[in-house]
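Contents: one structure, followed by commentary.
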Amino acid sequence: MERLLNFVYAYRAFFTFLLLEIFCAWLVIQNNQYQSTKYFNSSNRMVARMNQTSQSIREYFSLIEINTTLAQENSVLHKKLEQREQTLQFLQLNQVDSAMFHQFDYVSAKVVNNTTKYYKNFITINRGTDAGLKPGMAVIGSGNVVGKVKSVSSHFAVLISLLNLDEQVSCMIKRTGHFGTAQWDGTNPSIVNLKYIPRHVQPAVGDSIVTSGYNAVFPNGIFIGKIKAFKLNNEAPFYEIKVELGLDFSKLAFVDVIKSKLKKERDSIEHITIGEPK
């Protein structure tokens, strides 16, 4: 410590000069619009390069896990494709309309920006109107619910994440078939709340929570998570249920946007029959 103090004392003139230079530069930037604009443009470019480099490094060290996940997804998709072909063959033999089996299309996209530390988190992907994306479309990743498309440009789309206080997903307890709503409370990024499960239901730890299919956005049965804990207060009409998500949002690299072919038709007939929701 004494040597450090002696070093600072010996070079006190240099350090004083350096501090004054920094202070003068700060005054110039603060009081001159041109210099201020140049400084912030340069700093923003530098920060963008650093973020891009950091993201590339994270993606590089996650390649093994990403490839493993993609291989598992491919295996699941192949199995589903085989099951679908068998189902369609059966329907064709029985002369049944198979339109409902072609209700959804899927568009793959890469995540280029993602947050999990805020109360309202968003995800940016590298697909937009060029791939037919529109606001309101559902998004999944590794077979789990991710969120919905919020806004789109020609080549990018911003998703409202499930880890967002404003996002709610209609879901159900797979074992019992009872419906509820999944919503994040802004605390733990691996836990969401399952709301509106009435007191007569008997949930259990480990029960799977999946999408209900009550809207034309998400297909029925998309995995959300499993019940981690629950409690029922005296006189409370609904349970307090914590659901552990099946997806680690901090490792999200690729997603699938779901395009519902029948959503417009369904929304139209509901609007004509029921009217605007109050």
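Structural remarks
- Rounded to the nearest 10 Å², the accessible area of W26 at probe 1.4 Å: 130 Å²
- Accessible area per residue (1.4 Å probe, heavy atoms of protein chains only) ranks I269, I274 as I274, I269, with the largest value leading.
- Scaled against 2.2 N^0.38 Å for its residue count N, the alpha carbon radius of gyration of the stretch 111-198 is 1.16.
- When each of K120/K174; K174/K195; K120/K259; K148/K231 is checked by Cα-Cα distance, pairs over 22 Å: K120/K174; K120/K259; K148/K231
- Accessible area of the stretch 130-268 belonging to carbon and sulfur atoms, whole % at 1.4 Å probe: 51 percent
- Whole-Hz Karplus values for the stretch 223-237 come out as 6, 10, x, 10, 5, 9, 7, 7, 8, 10, 6, 4, 6, 6, x Hz, taken residue by residue from phi with 6.51 cos²θ - 1.76 cosθ + 1.60 and θ = phi - 60°; glycine and proline positions read x.
- Global geometry of the stretch 139-254, whether rounded, prolate or oblate, following the gyration tensor of its Cα atoms and the 1.5 cut on a/c: prolate
- Rolled with a 1.4 Å probe across the full set of protein chains, the surface gives R49 an accessible area near 140 Å².
- Probe 1.4 Å, accessible area per residue of the stretch 129-241, Å²: 45 Å²
The values are calculated or read from the model by the stated rules, or taken from the named source; none is laboratory data. Since this is a predicted model, take the numbers as computed values, not measurements. Accessible surface is based on the protein model in full, side chains and every heavy atom, while ligands, DNA and RNA are left aside. Shrake-Rupley method; radii C 1.70, N 1.55, O 1.52, S 1.80 Å.
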